[in-house]
Amino acid sequence: METTLTSQLERIVGTEDVAVSSLERKLYSHDAAPIPGVLSLFFKTLPDLIVRPDSAGEVAEVLRIASEHKSPVVPRAAGSWSLGGVTPVKGGIVLDVGKLKKIGDVSSDGSSVEVDAGVVWKDLMRRLDEKGSAVLSYPTSAPSSTVGGWVSTGGYGVGSLRHGHVADQIEALEVVTAQGEVLSVARDSVDPKMEWFVGTEGQFGVITKVRLRVRKKPAASIVRGVYVSGRDDLTELVRDFAKLGTPLYALKVLDSGLVTLRSMLTSGHKEDRSLVLLVIEGSAEEVSGAASAFEKIVAQKGLEPCADELAEAEWQERYWPMRIGRLGPTVLGAETVIPVDRLTSVLREMVLLGAKHDAQIGIEAHVISEDSVLVLVMYLADERKSLKYVTRLSLVREIVKIGLSHGGQPYGIGLWNSVYARRSLGKEYYTELRRLKARFDPQGIMNPGKFFRAETRFGIPITRAPYAVVMNALNVARRLQ
């Protein structure tokens, strides 16, 4: 990277907020899932420098200079995702929004709050709780994930069953485009539309501020759980619980494989049952009524309820689904959104996939609507064993394929799911976004080499056919190990 660029950026944010040391650049070279060293032949994951602006004005100046130098820019916050969305593939600048962390006051009518993109969800939730308010939904990675990061990746999470996608809780955004233009985009804006910046992973600019809808803190909240032996009854049970209606805030399934892996971290015993957890919120009357309805369903089906204190303890673990990585010492995973009526079949096929490839897997399924379930499949790996770790990556494609075969879609795009981008976004919307890319980022500097299509450091696209060939070859290599 030219010294002139470094010095220009230092004049904007100060020398302490431009990092060029090997150690810091290495820390910013990947997200939650390390990329095997062998793949550095294809991707330039080591950024040239890191810059940490503390205002939208500084972000705008940084992007104008980057545009002049035609330098790739990768917007980044906590990096808690694992699809390569914030992993550089062509070097360049990593723009860390972590210093943008102001939390405004809740609006006078109690319906919204304005926060900077670098605000961590757990900090926002704590501040709102002190004021008697609460967010609508939040990511399971709330202790580290930022508001801007979750908006950029377009997330479902805890509370989505009642409140929907993160896009449904945004009132307005502040976005800085690649050319340094600061835009204010409201929910009802026609051009630019807010949806262009939600879930598009920094392709059109850097989100610097978000106005979120909030709610009054619920008067009462309880957690209930029930054990299920086998998987045949899960789909019907989940549907029955979903009928509890408005008081049901969250509903998730921990497959027996995940329960076993989590138990291995503590007691070391094996568990042959899945655990279904429900969170019920509302007025005291609503919560009491929903709790009674839950108990009636459990009794009618002859199931064993989980002790309330254990259900509460399990719920508190929701923030650390990847904690099983301590057994790995690395955990890899893939997510897919499937129709709720395919849940039992998908879980069964995922378990068979793990057994076929001698992989210890754990599955966590979040019901995100009456018709859809977000399935997170995690499995253990060891990044220290380079070849074996690379071959383990091939399971990601097989997990996604199972979801696709049951009418599902990959959850998120990033680098690793870019071959499915057209299918995930839909042909018409994909085409529209490609046109918008040329408009908002004419030099293609924003988070290049992913999302629309994966590209190597040399600009060679990775299409579905060669992707399949590589993954199939890794499958063969894994079986020969």
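A compact table of results
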{"quantity": "Residue within the range 210-233 that is under 16 Å from the mean Cα position of the chain (by Cα) and either hydrophobic (A, V, I, L, M, F, W, C) or modelled with pLDDT under 95 (or both) present", "calculated": "no"}
{"quantity": "The range 337-359 residues that are at negative phi, paired with ones that are basic (Lys, Arg) and not in a helix (DSSP H, G or I) (beta carbon under 7 Å, 6 or more apart)", "calculated": "344/231; 347/231; 348/231"}
{"quantity": "Test for residue 79: is it modelled with pLDDT of 95 or more and not assigned by TED's automatic domain parsing to the domain that holds residue 394", "calculated": "no"}
{"quantity": "Some residue of the range 248-258 being surrounded by 17 or more Cβ atoms within 10 Å (Cβ to Cβ), at positive phi and either assigned by TED's automatic domain parsing to the domain that holds residue 156 or not β-branched (Val, Ile, Thr) (or both)", "calculated": "no"}
{"quantity": "Yes/no for residue 242 being surrounded by fewer than 18 Cβ atoms within 10 Å (Cβ to Cβ) and modelled with pLDDT under 95", "calculated": "yes"}
{"quantity": "Complete set of residues in the range 58-77 that are touching a helix residue (DSSP H, G or I) at 6+ places or on another chain (Cβ under 6 Å) and surrounded by fewer than 24 Cβ atoms within 10 Å (Cβ to Cβ)", "calculated": "58, 61, 65, 69"}
{"quantity": "Inter-residue pairs, beta-carbon under 7 Å, first under 10 Å from residue 73 (Cβ atoms) and not assigned by TED's automatic domain parsing to the domain that holds residue 192 and in the range 427-449, second of a type in the set (Phe, Trp, Tyr) and not in a helix (DSSP H, G or I), 6+ apart", "calculated": "441/204; 446/204"}
{"quantity": "Some residue of the range 35-44 being surrounded by 17 or more Cβ atoms within 10 Å (Cβ to Cβ), at pLDDT below 95, under 24 Å from the mean Cα position of the chain (by Cα) and under 28 Å from residue 438 (Cβ atoms)", "calculated": "yes"}
{"quantity": "Residues being without any contact (Cβ under 8 Å) to a residue 60 or more places away in the chain, of a type outside the set (Asp, Glu), surrounded by 16 or more Cβ atoms within 10 Å (Cβ to Cβ) and at negative phi - total across the range 193-239", "calculated": "3"}
{"quantity": "Matching entry among 160, 189, 137, 145 (being polar (S, T, N, Q) and over 19 Å from the mean Cα position of the chain (by Cα))", "calculated": "189"}
{"quantity": "Filtered residues of the range 93-121 (kept if farther than 30 Å from residue 448 by Cα and either of a type outside the set (A, V, I, L, M) or within 23 Å of the chain's Cα centre (by Cα) (or both))", "calculated": "103, 104, 105, 107, 108, 109, 110, 111, 112, 113"}
{"quantity": "Selection within the range 98-137 - in contact with a Gly (Cβ under 7 Å, 6 or more places away or on another chain), within 25 Å of residue 318 (Cβ to Cβ) and not polar (S, T, N, Q)", "calculated": "98, 101, 113, 115, 117, 118, 136"}
{"quantity": "Condition met for residue 284 (touching a strand residue (DSSP E or B) at 6+ places or on another chain (Cβ under 8 Å), farther than 15 Å from residue 161 by Cα and modelled with pLDDT of 95 or more)", "calculated": "yes"}
{"quantity": "Failed item, numbered, when residue 99 is tested on (1) at pLDDT 95 or above; (2) under 15 Å from residue 212 (Cα atoms); (3) surrounded by fewer than 24 Cβ atoms within 10 Å (Cβ to Cβ)", "calculated": "(2)"}
{"quantity": "Residue 155 vs. criteria of a type outside the set (S, T, N, Q) and modelled with pLDDT of 95 or more", "calculated": "no"}
{"quantity": "Failed criterion for residue 169 (all others in (1) touching a Leu at 6+ places or on another chain (Cβ under 6 Å); (2) farther than 28 Å from residue 365 by Cβ; (3) not basic (Lys, Arg) hold)", "calculated": "(2)"}
{"quantity": "Matching residues, the range 103-146, being β-branched (Val, Ile, Thr) and in a loop (DSSP other than H, G, I, E, B)", "calculated": "119, 140"}
{"quantity": "Test: residue in the range 154-167 that is surrounded by fewer than 22 Cβ atoms within 10 Å (Cβ to Cβ), charged (D, E, K, R) and not in a loop (DSSP other than H, G, I, E, B)", "calculated": "yes"}
{"quantity": "Qualifying position, being within 26 Å of residue 127 (Cβ to Cβ) and outside any strand (DSSP E or B), among 63, 100, 95, 83", "calculated": "100"}
{"quantity": "Residues (in a strand (DSSP E or B) and under 21 Å from residue 108 (Cα atoms)) located in the range 186-221", "calculated": "186, 209, 210, 211, 212, 213, 214, 215, 216"}
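The values are calculated or read from the model by the stated rules, or taken from the named source; none is laboratory data. Just so it is clear, the structure is predicted and the values come from calculations on it, not from any experiment. In this analysis, Cβ positions are derived from the backbone assuming ideal geometry, glycine residues included, and neighbour counts consider all displayed protein chains.
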